[in-house]
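Report on the structure given below.
None of the figures in this text is laboratory data; all of them are computed from the coordinates on show. Computed from a prediction, not measured in an experiment: that's the story for all the values here. Please note: Cβ atoms are built from the backbone with ideal geometry, for glycine as well, and neighbour counts cover all protein chains shown.
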Amino acid sequence: MKPRLLQHGRLLSSLEAAIAAEFDVHPLWKEADPQAFLARHGSEFSGLVTSARVGADAALIEALPALKVIASFGVGYETLDLESARRRGVVVSNTPDVLNDCVADLAFGLLIDVARGISAADRFVRRGDWERGIFPLTTRVSGKRLGILGLGRIGQTIARRSAGFEMDVRYHSRRPVPDVPWTYEASAASLAEWADFLVVACAGGAATRHLVSAEVLQSLGPDGFLINIARGSVVDERALVSALSERRIAGAALDVFENEPQVPQELLALDNVVLLPHIASGTRETRQAMADLVLANLRSYFTKGRLETPIA
């Protein structure tokens, strides 16, 4: 018999088809009353496939008494209740590494955009303003100071990208990272005070909620730029809106927000902000690689009893 899986939330259509070809999968998102369905059938499922966007909370995990494995599409795991999974002996996987390059590429694209005013200049031309005047001078990127908040896999990839721009790099994370050439700063505020560009690349979740606070933004200062390709929860969004509106920082480039897909109206009106709809890993190549890794984790667990990329 094929292992029975519960699918929580939509996935890539190609991944849904591949999973359905190898497993007995049931889409929970099609149920009109998911809780009633789980009460009747929750004990039938040994696996759960979900995504970083949807996750799996304690209630869902507890509703699946035979659950052995969770495979999540995405690198972030703040939406997964790992404590409940560990308590139950459920192993959990995500899709790390395969998205590092595309996320780092977008981080630098956002950095260059907000510094050089690329999106703002595009709007300037489209409005016909070029016929009436000259676009304002912007900020150079090469040779500047790059601060990275969170030096994990993605943070290190961003740091390596900076070499082509001859940037000086420092970072802050929970602890110094061994065997890296970049200087460690003891706090987010001290990193922001030093940096011209502060890139947020740390994990989301309770431990990093509002790590970029009003104090950190004040430290970044009127010539500093914030770039966030991590999670919206890491930045105090109200404090950011205030800092941008009052020009206490030079600008921001954001791929993520606290309450996606809602974006504060104040940000929409500002020309010193670049706004993207959470697309850092959104390339065909990367999403396919993520899908392949989800399938590889499920295959590995049900044939070998282990995951390819377990969450530590």
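Going by amide H atoms built from the backbone, whose H comes under 5 Å of the H on Lys144, apart from near neighbours?
Here Asp168 satisfy the definition.
Which residue fluctuates the most in the chain, going by a Gaussian network model with Cα springs under 10 Å, if the choices are Asp33, Asp271, Asp24?
Ranking Asp33, Asp271, Asp24 by mean-square fluctuation puts Asp33 first.
Can you give the relative contact order of the chain as a percent, counting alpha carbon pairs under 8 Å and 6+ residues apart?
Value for the chain: 16 percent.
Taking the Cβ-Cβ separation of Val125 and Trp29 as r and a Förster radius of 30 Å, what is the calculated FRET efficiency to the nearest 0.05?
0.10
Comparing Asn100, Asn297, Asn259, which has the greatest mean-square fluctuation in the GNM of the chain with Cα pairs linked when under 10 Å apart?
Asn259
Out of (i) 21.0; (ii) 25.2; (iii) 20.2, which label holds the value of Kirkwood radius over Cα pairs in Å that was computed here?
It is the one labelled (i).
Would you list Phe108, Phe135 from fewest to most Cβ contacts within 10 Å?
So the residues, fewest neighbours to most, are Phe135, Phe108.
Sequence-distant or interchain residues sharing an amide H contact under 5 Å with Leu6, placed H: which?
The answer is His26, Gly47, Leu48, Val49.
Count the lysine pairs in the chain that are 8 or more places apart or on different chains: how many have C-alpha atoms under 23 angstrom apart?
5
How do Val125, Val263, Val90, Val294 line up, fewest other C-beta atoms within 10 Å first?
Least crowded to most crowded, the residues run Val125, Val263, Val90, Val294.
Please quote Rg/Rh for the range 97-178 to two decimal places, taking the Kirkwood radius as Rh and restricting both calculations to Cα atoms.
With Rg and the Kirkwood Rh in hand, the quotient comes to 1.11.
Where is the GNM fluctuation largest for the chain (alpha-carbon springs, 10 angstrom cutoff): Thr50, Thr95, Thr283?
Largest GNM mean-square fluctuation: Thr283.
Please figure out what share of the DSSP beta bridges in the chain is antiparallel and state it in percent, rounded to the nearest 5.
The answer is about 5 percent antiparallel.
When a footprinting reagent is the concern and you count Cβ atoms within 10 Å, what order do Ser14, Ser46 take, fewest first?
Ser14, Ser46
Run the Debye formula on the Cα coordinates of the range 100-275, all scatterers equal and no solvent, and tell me log10 I(q)/I(0) at q = 0.11, 0.12, 0.15, 0.18 1/Å.
At q = 0.11, 0.12, 0.15, 0.18 Å⁻¹ the computed log10 ratios are -0.43, -0.51, -0.79, -1.14.
How large is the helix-only mean residue ellipticity at 222 nm for the chain, computed as the sum of -39500 (n - 2.57) over DSSP H runs with n ≥ 4, divided by its residue count, in deg cm²/dmol to the nearest 500?
-10500 deg cm²/dmol
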